[in-house]
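Structure first, then comments.
The values are calculated or read from the model by the stated rules, or taken from the named source; none is laboratory data. Source: prediction; values computed, not measured. Cβ sites come from the backbone with ideal geometry, for glycine too, and all protein chains shown count toward neighbours.
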Amino acid sequence: MSAAELDELDLPLLHTRTYEVRSYRQSDSEFRLRGRVTDVKPPGNFIAEDPEPMTIHDMVVDIVVEMPAMVITAAEVVMATHPHHHCPSVVEHYQKLIGLSIARGYTHRVRELFGGPNGCTHTTALLVAMAPVAHQSMWSMMRPVEGEAPVEITLEVQRERMVWNKNTCHVWAEDGPMFASLERGEMIPPPKWGVERLEQLGLSVEDWYRRGAR
């Protein structure tokens, strides 16, 4: 199945849930994550005469993460659209995010603190979806900002940085192919999409490493 085939099916639509998570550099040592979850019913789903889609959930989580500890230092939950008057009464409970590491063990801790009757189902699901974006943001934070000299990527730099990836998936298993390459003294090549873009721009893998990309 291609990506295009996932876009639409020729079947009656029941529900659309959308997660959107963006990250922003807040300072040299902090980034801000802003996540949003929306649930939308198609026209006529709840009210037969209704010609418009109906948004039933629209919730935002805003957190600040401090590096290198990857600890949450600020948190805010906003429920713009919710089904019951009592729903927003739980938003202050999410202040317990402050002090939580968004690195290892985060998902388990979020479910422990906010799962079931301890939180909002939809907000908690959004928090779990935000964690991988925090990981990606960490790598982006390592990139030089305008006017800052990049740190050239050497074998030793890769060994230090790739510790963040250890056991995060099968490719990065500690006994997997990536760490085996580092142990053999071989540089890990840029990602496939990086190599393709380098070729399009007429650049080399050496340019990738010299400019500080992992």
From the list 84, 93, 57, which one is outside any loop (DSSP other than H, G, I, E, B) and closer than 23 Å to residue 14 by Cβ? 57
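Here is a yes/no grid of residues against (1) under 26 Å from residue 32 (Cα atoms); (2) of a type in the set (Phe, Trp, Tyr); (3) in a loop (DSSP other than H, G, I, E, B):
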position	(1), (2), (3)
162	yes, no, no
167	yes, no, yes
189	no, no, yes
196	no, no, no
Contacts under 9 angstrom Cβ, first residue in the stretch 129-148 being free of Cβ contacts under 8 Å to residues at least 40 places away in the same chain, partner polar (S, T, N, Q), 6 or more apart: 131/107; 135/165; 135/168
Residue that is modelled with pLDDT of 85 or more and of a type outside the set (Ser, Thr, Tyr), where the choices are 157, 151: 157
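If you scan the stretch 178-206, which residues turn out to be of a type in the set (D, E, K, R) and over 27 Å from the mean Cα position of the chain (by Cα)?
Scanning the stretch 178-206 gives 183, 184, 186, 199, 206.
In the stretch 61-89, what count of residues is obtained for those that are of a type in the set (Val, Ile, Thr) and farther than 12 Å from residue 32 by Cβ? I'd like the intermediate steps shown before the answer.
The initial filter retains those residues of the stretch 61-89 that are of a type in the set (Val, Ile, Thr), namely 61, 63-65, 71-73, 77-78, 81.
With farther than 12 Å from residue 32 by Cβ added as a condition, the list becomes 71, 77-78, 81.
So the count comes out to 4.
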Residue 43 passes all but one of the listed conditions (1) free of Cβ contacts under 8 Å to residues at least 24 places away in the same chain; (2) assigned to a strand (DSSP E or B); the exception is number (2)
Could you give every pair whose Cβ atoms fall below 8 Å, whose first residue belongs to the stretch 21-38 and is surrounded by fewer than 12 Cβ atoms within 10 Å (Cβ to Cβ), and whose second residue is at pLDDT 95 or above and in a loop (DSSP other than H, G, I, E, B), counting only separations of at least 6 or pairs across chains? none
Answer yes or no: is there a residue in the stretch 179-198 that is surrounded by 12 or more Cβ atoms within 10 Å (Cβ to Cβ) and touching a residue at least 40 places away in the same chain (Cβ under 8 Å). no
Within the set of pairs 6+ apart or on separate chains, which have a first residue in the stretch 149-174 that is surrounded by fewer than 14 Cβ atoms within 10 Å (Cβ to Cβ), a second that is among the acidic types (Asp, Glu), and C-beta atoms under 6 Å apart? 166/174; 167/174
Hey, could you check the stretch 198-214 for residues that are modelled with pLDDT of 85 or more and assigned to a loop (DSSP other than H, G, I, E, B) and say which is farthest from residue 141 (Cα to Cα)? 202
